[in-house]
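Peer 1: Right, I'll just put the structure down here and ask away after.
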Amino acid sequence: MTEVTKAYAADLDRGLRSVEEAVRVVQRAHDEIERCDQLLSLAQEAGRRAAGELGVLLRTRNHTGVPAVLDRIDALAAEVARSETDRVLVRRILHGEADGVADARNAPEVPRLTEQDLPRVPSVYDTEDAQYETLQDVWESDHALTEEQYGIRQQRIQITADHLRMVVSRAVDFFGTPTAAEALLAEARRACTLWTSCLR
């Protein structure tokens with residue numbers, strides 16, 4: 001074997017080893033993406049189960065159990081966020097994608113609910129100028145106000161519960177977009193506080 005042939009064989013061997021290493025790197029990258037996909041799928045499945053539990057707690061007005069369910073959903077979102085950081089890195093290596101592009105493209109608008117958005121509970125001061133001729137008139141007015149207050153309070157509880165349930169469901173759907181999930185879960189915490197205050 002001539003020196004030229006030996007050099008050519010050595011170069012070919014190095015080239016083949018480089019190609020094999022590149023193939024292994026790409027395979028590991030695709031394995032990592034598959035791992036991220038599986039984790040996201042399992043987390044969303046667990047998140048939907050937790051959202052179902054949340055719905056039961058809201059219907060039964062079990063305010064002590066709601067924060068624990070939100071904690072579980074937060075933990076799932078955090079686990080996916082760490083995994084998605086790995087995915088972004090791998091995709092940047094494979095495809096040259098910039099960080100945060102998918103987040104910016106897919107981030108939903110976060111719906112907000114505040115005390116000002118809820119129907120106001122009427123008080124006795126709203127009818128302080130009313131003229132009563134008999135004690136019966138006073139009693140009937142008082143009774144009507146109590147019934148109206150009860151109805152409005154039930155509306156406020158339902159509105160806040162529906163909002164909380166909707167925000168949590170959207171957060172689970174957006175686990176794969178961590179900044180969106182984080183914003184939606186922050187709104188869920190605010191909604192939980194508002195819902196709890198309506199129960200009192």
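The values are calculated or read from the model by the stated rules, or taken from the named source; none is laboratory data. Owing to the predicted nature of the structure, the values given are computational and were not obtained by experimental measurement. FYI the Cβ positions are ideal-geometry reconstructions off the backbone, even for glycines, and counts take in every protein chain you see. Areas reflect the complete protein model, heavy atoms only, side chains present, ligands, DNA and RNA absent. Shrake-Rupley method; radii C 1.70, N 1.55, O 1.52, S 1.80 Å.
Peer 1: Given 0.36 nm per residue, what is the gain on full extension from A75 to D31 after removing their alpha carbon distance, in nm?
Peer 2: 13.4 nm
Peer 1: Here's a follow-up. 7 Å from Cα along Cα→Cβ at both D142 and V121: what's the point-to-point distance in nm?
Peer 2: The modelled label-to-label distance comes out at 1.8 nm.
Peer 1: If packing is taken as the average count of other Cβ atoms within 10 Å, what order do 69-78, 114-123 fall into, highest mean first?
Peer 2: Averaged packing, sorted descending, gives the order 69-78, 114-123.
Peer 1: Additional query: If you count only protein heavy atoms and use a 1.4 Å probe, how large is the accessible surface of H143, to the nearest 10 Å²?
Peer 2: 80 Å²
Peer 1: At a Förster distance of 41 Å, what's the computed FRET efficiency of T60 paired with R92, Cβ-Cβ distance as r, to 0.05? Walk me through the numbers on the way to the answer.
Peer 2: Values: r = 47 Å, r/R0 = 1.13.
For T60 and R92, the calculated efficiency is 0.30.
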